[in-house]
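A short reminder: the numbers here are calculations on the coordinates, not readings from a lab. Since we're looking at a predicted model, the values are computed, not measured. Neighbour counts are summed over all protein chains in view; Cβ atoms, including those assigned to glycine, are modelled from backbone coordinates with ideal geometry.
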Amino acid sequence: MTREEIARALHWDGRFHASDLLDRIEAIVRAAVEADLAHLRAPYPDTPTAILEERFKRPAASISQKAATLGIRKSAAFSASPASGRMTKGNQRGAGSRFQPGHRPWNTGKRYKAGGRSAETRFPKGHKPHNWVPVGTYRVNPEGYLDRKVADAKPAYRNWVAVHRLVWIEAHGPIPPGHVVTFRPGRHSTKLDEITPDAIELITQRESMLRNSVHNWPREIVDVIHVRSGLVRRINDAEKKRAKQDQRPA
């Protein structure tokens, strides 16, 4: 539309403020939307959505979503009619393409045999991954605690338990809810013979949080920790960006 056509549609003679012009534009847009909604409310209950899709030049999903927002539903008569496309009792729609009683599939009694190099690249029965270790194996986990493998099941992360937890359970029984087992101050170790009942203690989760709070450190150390964390994030972001660039085709 030209400027003159817009002005005529808005009944604007140039004598009122720009804010009034915006109000008139919003009013016209609002009226147009309400008109579309009125045109949707009336036919939607008894009209196939494909026809409305063509009429409103909008996707069927958009029309259905707007109808749901407005609380409009297809009528019972339409839902029961063949135009709805629904399968109802006695409806023979698609009968010609259904499997009939006694149908015998083409692959009955046949075993699938993959071609190519499938057989030589499969994992054989009983295969174990290269990093598998037997139950009873010890490791130091990324948090710096000694773990022992106690099972060989799935999920794999549950197969490992911290040794200091096992020592506590063996000496005192199950760990109560809301509590954790931790090393006494100065007694932390990854050596099996040093993880003894007198080296560990049971504390509440709240006490554990207070013990390990960053605010227990001097202000200068806290600032260094924050700076280091920010630097690590920047390095990680740069490495991810570089990796994406390297993956782009030349």
Quiz item: How far is helix 60-70 tilted off the main Cα axis of the chain, in degrees rounded to 10, range 0 to 90?
Solution: 90
Practice problem: Note down the relative contact order for the chain as a percent, whole number, built from C-alpha pairs under 8 angstrom at least six residues apart. | Solution: 7
Exercise. Using only Cα atoms, find the angle between the long axis of helix 219-247 and the longest principal axis of the chain, and express it within 0 to 90 degrees, rounded to the nearest 10.
Key: 60
Exercise. Starting from the Cα of Thr121, step 7 Å along the direction of its Cβ; do the same at Val180; then give the gap between the two resulting points in nm.
Key: 4.5
Quiz item: How far is helix 163-172 tilted off the main Cα axis of the chain, in degrees rounded to 10, range 0 to 90?
Solution: 70
Quiz prompt | Label-point separation, Thr47 to Thr137 (7 Å along Cα→Cβ), nm | solution = 6.8
Quiz item: Considering only Val214, Leu166, Gln100, whose Cα is most displaced toward the positive end of the charge dipole of the chain, charges sitting on Cβ of Lys, Arg (+1) and Asp, Glu (-1)?
Solution: Gln100
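Just to confirm a number: summing +1 for Lys and Arg and -1 for Asp and Glu over residues other than Ala119 whose beta-carbon lies under 14 angstrom from that of Ala119, what do you get? Working shown, then result.
Values: positive: Arg111, Lys113, Arg117, Arg122, Lys125; negative: Glu120.
That sum, taken over residues with Cβ under 14 Å, equals +4.
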Practice problem: For Ala171 paired with His130, estimate the spin-label separation in nm (one decimal), with each label point 7 Å from Cα along the Cα-to-Cβ line. | Solution: 4.1
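Would you mind classifying the stretch 180-221 by shape? Square roots of the alpha carbon gyration tensor eigenvalues, ordered a ≥ b ≥ c; an a/c under 1.5 is rounded, otherwise it is prolate if a/b is larger than b/c and oblate if not.
On the way: a/c = 3.77, a/b = 1.69, b/c = 2.23.
Oblate, because a/c is 1.5 or more while a/b does not exceed b/c.
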Quiz item: For P(r) over Cα pairs in 10 Å bins from 0, in percent, which listed value, (1) 7, 28, 33, 21, 8, 2, 0; (2) 5, 12, 11, 12, 12, 18, 18, 10, 2, 0; (3) 7, 30, 37, 21, 5, 0, comes from the coordinates shown?
Solution: (2)
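Count neighbours as other Cβ atoms within 10 Å of each site's Cβ, and list the trypsin sites (Lys or Arg not before Pro) in the stretch 150-250 that are DSSP loop with at most 11 such neighbours. Write down the numbers at each step before the final one.
On the way: sites: Arg158, Arg165, Arg187, Lys191, Arg206, Arg211, Arg219, Arg228, Arg233, Arg234, Lys240, Lys241, Arg242, Lys244; in loops: Arg187, Lys191.
In loop regions of the stretch 150-250 (DSSP not H, G, I, E or B), the sparsely surrounded trypsin sites (Lys or Arg not before Pro) are Lys191.
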Quiz prompt | Residue-count net charge about Pro45 - beta-carbon cut-off 13 Å; Lys, Arg +1, Asp, Glu -1 | solution = +2
Quiz prompt | Separation between Cα centres of the stretch 137-161 and the stretch 47-66, rounded to whole Å | solution = 56
